[in-house]
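Following: one structure in structure tokens, then a few remarks.
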Ligand SMILES: C[S@@+](CC[C@H](N)C(=O)[O-])C[C@H]1O[C@@H](n2cnc3c(N)ncnc32)[C@H](O)[C@@H]1O
């Protein structure tokens, strides 16, 4: 294990925080960068040299530039990873509280930033979700049988990438995204770019509090879907969420829970076990959950005569090796 890896991460995160990118998509001398960004010239030179040593910049004729192959991802166009890198830079501060979080069980925000407003950075966070999610979103939707599906509810749909993939897979489909106030504006950018503003609509509100009947609106949903939502919730909230999902789901429909699932030892896969720490420092009650407990909690859903509502359960592991879906058939 190389415990100095954090130094490389810190170098890149500072370059991102200081807005080196996309400035360095054009060749710049160290003095130019220091002047443009109002930085210490000697410190700027060292940081540029360190980034160059890592292969993220090239140095030629005294000027630094992002290599051709990284210009799109370090630019400011739709292929940019910078929203995700900015999100990671914020997480650096949150993770710095880990030792105290383990001592006290409290989040970084409870310990060090009680005035933190969750809406600060929400737009950036929503864009970051789109950067990281497209490939798996397409793969996840392709794994679902969409025959006869016309209405999908995407709870916590964020930037709308799953909703867009549902529409790409079946153009006759309509998707309702149910997400918190404030997310719709960013989601609309992605949805409009994809040309699906007529097929994807928004219901703004907290899924745990909105009026169940209001969301149903024109009818129940063939698929009630959620991606990367339950990991930010406590077990009690998930029980309430699933209860609501069963109300929103049409008889014979499916509840699909996509997340980073752990095995029963809670130590594998590694990325899900490490993600549990992300939830420890950043959320009240969030966690990485196991496949088994996700299935067990869905299986606890009952109808008004106390009969089991879920008639079948299946699992699908996705190609990154740590994302997966639990699919529950609802009677
Ligand atoms: C990690 S993002 C995932 C976004 C998207 N589903 C994806 O996988 O790319 C979680 C999303 O869930 C939303 N969310 C969290 N708690 C929620 C709640 N109680 N009700 C509605 N949306 C919620 C957040 O606003 C955010 O957009």
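The values are calculated or read from the model by the stated rules, or taken from the named source; none is laboratory data. Note that this is a predicted model, so its numbers are computed, not measured. Note: ideal-geometry Cβ built from the backbone for every residue, glycine included; neighbour counts use all protein chains shown.
Can you spot a residue in the range 35-55 that is in contact with a strand residue (DSSP E or B) (Cβ under 9 Å, 6 or more places away or on another chain) and surrounded by 16 or more Cβ atoms within 10 Å (Cβ to Cβ)?
Pass one, the range 35-55, residues in contact with a strand residue (DSSP E or B) (Cβ under 9 Å, 6 or more places away or on another chain): 36, 48-49, 51-52.
Filter once more, so that each one left must be surrounded by 16 or more Cβ atoms within 10 Å (Cβ to Cβ): 48, 51.
Taking every residue of the range 35-55 in turn, at least one turns out to be in contact with a strand residue (DSSP E or B) (Cβ under 9 Å, 6 or more places away or on another chain) and surrounded by 16 or more Cβ atoms within 10 Å (Cβ to Cβ).
For a quick check of your reading of the model, give me the residue pairs whose first member lies in the range 142-154 and is within 14 Å of residue 327 (Cα to Cα), whose second is part of a loop (DSSP other than H, G, I, E, B), with beta-carbon atoms closer than 6 Å and at least 6 apart or on different chains.
Filtered contacts from the range 142-154: 146/170.
Residues being in a loop (DSSP other than H, G, I, E, B), more than 8 Å from the ligand (Cβ to nearest atom) and out of contact with any helix residue (DSSP H, G or I) (no Cβ under 9 Å at 6 or more places or on another chain): count how many of those fall in the range 196-207.
Pass one, the range 196-207, residues in a loop (DSSP other than H, G, I, E, B): 196-199, 205-207.
Okay, now just the ones that are also more than 8 Å from the ligand (Cβ to nearest atom), so 196-199.
Still in the running and out of contact with any helix residue (DSSP H, G or I) (no Cβ under 9 Å at 6 or more places or on another chain): 198.
Of the residues in the range 196-207, 1 are in a loop (DSSP other than H, G, I, E, B), more than 8 Å from the ligand (Cβ to nearest atom) and out of contact with any helix residue (DSSP H, G or I) (no Cβ under 9 Å at 6 or more places or on another chain).
Taking the condition of being surrounded by 21 or more Cβ atoms within 10 Å (Cβ to Cβ), more than 17 Å from the chain's Cα centre (by Cα) and not in a helix (DSSP H, G or I), how many residues in the range 152-173 meet it?
Counting residues in the range 152-173 that are surrounded by 21 or more Cβ atoms within 10 Å (Cβ to Cβ), more than 17 Å from the chain's Cα centre (by Cα) and not in a helix (DSSP H, G or I) gives 2.
Only one of (1) farther than 18 Å from residue 23 by Cα; (2) part of a helix (DSSP H, G or I) is not met by residue 114, so which one is it?
(2)
Got a number for residues in the range 122-153 being closer than 20 Å to residue 223 by Cβ and more than 7 Å from the ligand (Cβ to nearest atom)?
The number of residues fulfilling the criteria is 18.
Filter the range 243-296 for residues that are free of Cβ contacts under 8 Å to residues at least 60 places away in the same chain, within 28 Å of residue 311 (Cβ to Cβ) and in a helix (DSSP H, G or I) and give the result.
243, 244, 247, 272, 291, 292, 293, 295, 296
Can you tell me how many residues in the range 208-242 are out of contact with any helix residue (DSSP H, G or I) (no Cβ under 9 Å at 6 or more places or on another chain) and either more than 9 Å from the ligand (Cβ to nearest atom) or assigned to a helix (DSSP H, G or I) (or both)?
Of the residues in the range 208-242, the ones out of contact with any helix residue (DSSP H, G or I) (no Cβ under 9 Å at 6 or more places or on another chain) are 209, 211, 214, 217-219, 222, 234, 236, 240.
If we keep only those that are either more than 9 Å from the ligand (Cβ to nearest atom) or assigned to a helix (DSSP H, G or I) (or both) too, we end up with 211, 214, 217-219, 222, 234, 236, 240.
So the answer is 9.
Taking residue 115, is it closer than 30 Å to residue 285 by Cβ, touching a residue at least 40 places away in the same chain (Cβ under 8 Å) and surrounded by fewer than 17 Cβ atoms within 10 Å (Cβ to Cβ)? I'd like the intermediate steps shown before the answer.
Working: closer than 30 Å to residue 285 by Cβ: yes; touching a residue at least 40 places away in the same chain (Cβ under 8 Å): no; surrounded by fewer than 17 Cβ atoms within 10 Å (Cβ to Cβ): yes.
In short, no.
If residue 193 satisfies all but one of (1) more than 13 Å from the ligand (Cβ to nearest atom); (2) in a helix (DSSP H, G or I); (3) over 20 Å from residue 161 (Cβ atoms), what's the number of the condition it fails?
(3)
Quick one: residue 59 ticks every box in (1) surrounded by fewer than 19 Cβ atoms within 10 Å (Cβ to Cβ); (2) in a helix (DSSP H, G or I); (3) in contact with a helix residue (DSSP H, G or I) (Cβ under 8 Å, 6 or more places away or on another chain) bar one, so which box is it?
Of the numbered conditions (1) surrounded by fewer than 19 Cβ atoms within 10 Å (Cβ to Cβ); (2) in a helix (DSSP H, G or I); (3) in contact with a helix residue (DSSP H, G or I) (Cβ under 8 Å, 6 or more places away or on another chain), the odd one out for residue 59 is (2).
Name the residue that is surrounded by the most Cβ atoms within 10 Å (Cβ to Cβ), counting only residues in the range 118-138 that are in contact (Cβ under 8 Å) with a residue 24 or more places away in the chain and assigned to a loop (DSSP other than H, G, I, E, B).
Ranking the qualifying residues of the range 118-138, first place goes to 121.
Would you point out which residue out of 269, 251 is under 20 Å from residue 227 (Cβ atoms), surrounded by fewer than 20 Cβ atoms within 10 Å (Cβ to Cβ) and away from the ligand (no atom under 15 Å from the Cβ)?
Working: 251 fails: under 20 Å from residue 227 (Cβ atoms).
Going through 269, 251 in turn, the sole match is 269.
Within the range 123-140, does at least one residue satisfy the condition of being in contact with a helix residue (DSSP H, G or I) (Cβ under 6 Å, 6 or more places away or on another chain), at pLDDT 95 or above and assigned by TED's automatic domain parsing to the domain that holds residue 226?
yes
Residues of the range 159-185 being in contact with a helix residue (DSSP H, G or I) (Cβ under 8 Å, 6 or more places away or on another chain), more than 9 Å from the ligand (Cβ to nearest atom) and farther than 18 Å from residue 149 by Cα, which ones?
185
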